[in-house]
Amino acid sequence: MTSPAECSCDGPGLLALDQAVARAVALCRPVTDTDDAPLAAAAGRISAAPLVAPEPMPRFDHAAMDGYALRGEDLGGSGPWQLPVAGLAAAGGAAPAVARAPHALRILTGAPIPAGFDRVVMQEDCTAGGGMVTIRRDPGPGANIRRAGEDARAGQTLFPAGRRIDAVAVALAAIAGRPQLPVVRQIRVGVMTLGDELVAPGATPGPAAIHDSNRPMLLAALARPDVAAADLGALPDDQAVITAAITDAADRFDLIVSTGGASVGDRDHLKPAFLAAGGRIEGWRGAMKPGKPVMFGRIGDAVFLGLPGNPVAALLGLRLFGTAMIRRLQGRPAEPAPAMATAGFTHARRAGRCEFLPARLTFGPPGTPPAVVTTGGSGAARLVPLATATGFAVVPAGHGAVGPGDAVGWLPFAETEISGDMS
């Protein structure tokens, strides 16, 4: 197994997981609107344009450490060498004008290198006093000098469009003199839950009611700088009410996410309500466990993702489908495939669907691969195993029982930045 793309079906009408995600992503049209984000507020946003170095970085040759600037031609013989100190060069000031006679210049880290000087001797290799400095070691030409343009040349792309802006990207923008960055506008996501049995946290539930955990969970998962998530409330099992809510949301959001009502029960009204609102269903039921009753489609300018009502399935569906759809809406490339790890658990199962188990990574001796350990077994309705998990163990469709040492995939709850992937 290399990724969930290997997942296939275990029954008629189920979409292979890679095909289902690809169909959902294909529905998404990248947002073209942009904002200008001040650097203080840019972290977590998605760059809308490449950042290009406007000039060489660094801008000028400067000292890499405190010491003494020299000309190699002023050192004769095998040393040590004694030279008069002609002045001081400090960071932030222009390089002092100096005479051509043999001499050294006291220089501090970051100070410009005066014309003609070709090396800096660190102060630990010098002894100074009485206006003179004794050089005990010649470090050689170019030593301890940071050359103009050695970090980046003028016109070089520092990072591309589509990168999630982090501390390094902010630093690059700052050193390039940019007080703000163009970013993709926030992706607008509306979240609703469906079900007569749901009551808000804090309300007193009736004998057959449960507190609505999915909507707060999904909103929390979407609480990030590049997304503007809105709470559309809990809706009753009433097709007309659901239809009206979807119709209204289609005019206001890029992505509408619902949880519950996506299966085939007598009170599961999502599918007919979505069609009545004018939506077009492109996929329904995926070859995954948990989360088979996932529905996605398009309505007007919005894309729609209908997740199951069980909390683990809802969180997994948002991670697999929602993450991929949001990335596409932002114009970003697909996320790298899940990393591979070694199973540190035993799990009996029937081959046929990709299975995702709440899990966490554990690390052994250096040089050994990480192991994935489950945190409470399977069960789409069990929230407690998620409390100590940091992601999902991914068991490929073709595998039967899993034992310690078997290869499994590792899908963290949050998007990951893989080496070489700047997205």
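Computed quantities for the displayed model
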item	result
Amide proton proximity set for GLY195, modelled H, under 5 Å, gap of 5+	LEU235, ASP237
Label-point gap, in nm, between SER78 and THR368 - each point 7 angstrom along Cα→Cβ	5.5 nm
Carbon and sulfur %, accessible surface of the chain computed with the full protein complex present, 1.4 Å	56 percent
Solvent-accessible area per residue for region 3-132 (1.4 angstrom probe, square angstrom)	48 Å²
Estimated dipole of region 266-308 in Debye, rounded to 20 [Cβ of Lys and Arg +1, of Asp and Glu -1, Cα centre]	160 debye
Range of Cα positions in the chain per principal axis (Å), largest first	96, 49, 40
Dipole in debye (nearest 20) - region 148-254, about Cα centre, beta carbon charges: Lys, Arg +1; Asp, Glu -1	680 debye
Positive-pole candidate from ILE299, VAL312, CYS354, dipole of region 261-359, charges at beta carbon	CYS354
Qualifying trypsin sites (Lys or Arg not before Pro) for region 46-115 [loop in DSSP, other Cβ within 10 Å: at most 11]	ARG100
Reference-scaled alpha-carbon Rg (2.2 N^0.38 Å with N residues) for region 126-185	1.92
ALA339 long-range amide H proximity, modeled H, under 5 Å	TRP410
Point-charge dipole on Cβ atoms (K/R +1, D/E -1) for the chain, about Cα centre, debye to 20	340 debye
Per-peptide average of other Cβ atoms within 10 Å, ordering 332-341, 364-373, 290-299 highest first	290-299, 332-341, 364-373
Relative contact order (%) - criterion: Cα under 8 Å, at least six apart; region: the chain	19 percent
Those trypsin sites (Lys or Arg not before Pro) in region 331-364 that DSSP places in a loop and that have at most 14 other beta carbons within 10 Å	ARG350
Value at 222 nm in deg cm²/dmol, rounded to 500, when DSSP H runs of n ≥ 4 in the chain each add -39,500 (n - 2.57)	-4000 deg cm²/dmol
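The values are calculated or read from the model by the stated rules, or taken from the named source; none is laboratory data. Nothing here was measured: the structure is a model prediction, and the numbers come from that model. Reconstructed Cβ throughout: ideal geometry from the backbone, glycine too, with neighbour counts over all protein chains shown. Please note that ligands, DNA and RNA were not included when accessible areas were found on the heavy atoms of the full protein model with its side chains. Shrake-Rupley method; radii C 1.70, N 1.55, O 1.52, S 1.80 Å.
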